[in-house]
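Just below is one structure, and these are the notes that go with it.
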């Protein structure tokens, strides 16, 4: 049987994860310090049941806002974190990224989704022959183990053989990862307060909110990477108030058609 990265496809066309020029208007609106009455909720059931024994891998495919949502929408992905990797500049930030690459770090349950599945998603989600406009948007794989590195190299060879043009994708093993600023974490979700506010009420600290499995999944819906029909099953484990769930359904339906 052929490896998964040669036969898996995404619903719809390859996504464009290029970022527009960043300015202050792209910052999410701050959540109200006093959430609306129906925003109250307990810790999401899926957060309480999140497995502790997870594998990790990181990926660079242009601007990290889109991939953060893309990977968060996948069954078996527990957490996503955006940040900077692959360069030598010390203590990178968004304003001083140096030679680093915008990266999404994925924590996943290998009993539900494999590294090969994540590689398939990576390859089908962008055009690996496209040269990046800047180093920070470089296509890159950051394997965390020797086994992942072997699979990454094999997948790159297979994908290269299927393309006429040369691949721009780099493979950088054991690359240190620096977490990005809070406003970049779950960026798409933060822009929809009707869904984000109930989760922020449970997780007022930025890091706890960004590391919530429920926030990762909701971010995937908001990004248009998970069909709104799946909310029939996902609503109970997300544990959002009814109004937030319906808002998420509306947003997801609009984005999933885009």
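Structural remarks
- For segment 209-258, the square roots a ≥ b ≥ c of the C-alpha gyration tensor eigenvalues yield an a/c of 1.5 or more together with a/b not exceeding b/c, which makes the shape oblate.
- Normalised by the number of residues in segment 152-226, the average gap of Cα pairs under 8 Å and 6 or more apart makes the relative contact order 26 percent.
- Between residue 170 and residue 253, the FRET efficiency from the beta-carbon distance, with R0 = 35 Å, is close to 0.45.
- Percentage relative contact order, segment 41-257, counting C-alpha pairs under 8 Å, at least six apart: 29 percent
- Cut-off 17 Å (backbone N to label point 7 Å along Cα→Cβ of residue 49), residues of segment 95-121: 109-113
- The distance separating the Cα centre of segment 103-139 from that of segment 146-162 comes to 12 Å.
- Taking packing as the residue-averaged number of other Cβ atoms within 10 angstrom, the listed peptides 49-57, 136-144 run from highest to lowest as 136-144, 49-57.
- Cβ-to-Cβ counts within 10 Å put 169, 178 in ascending order as 178, 169, the fewest first.
- As a proxy for reagent exposure, 127, 233, 68 were ordered by neighbouring Cβ count within 10 angstrom, fewest first; the result is 233, 127, 68.
No value in this document is a laboratory result; all are computed from the given coordinates. Since we're looking at a predicted model, the values are computed, not measured. Don't worry about glycine lacking a Cβ; one is built from the backbone with ideal geometry, like all the others, and counts go over all protein chains shown.
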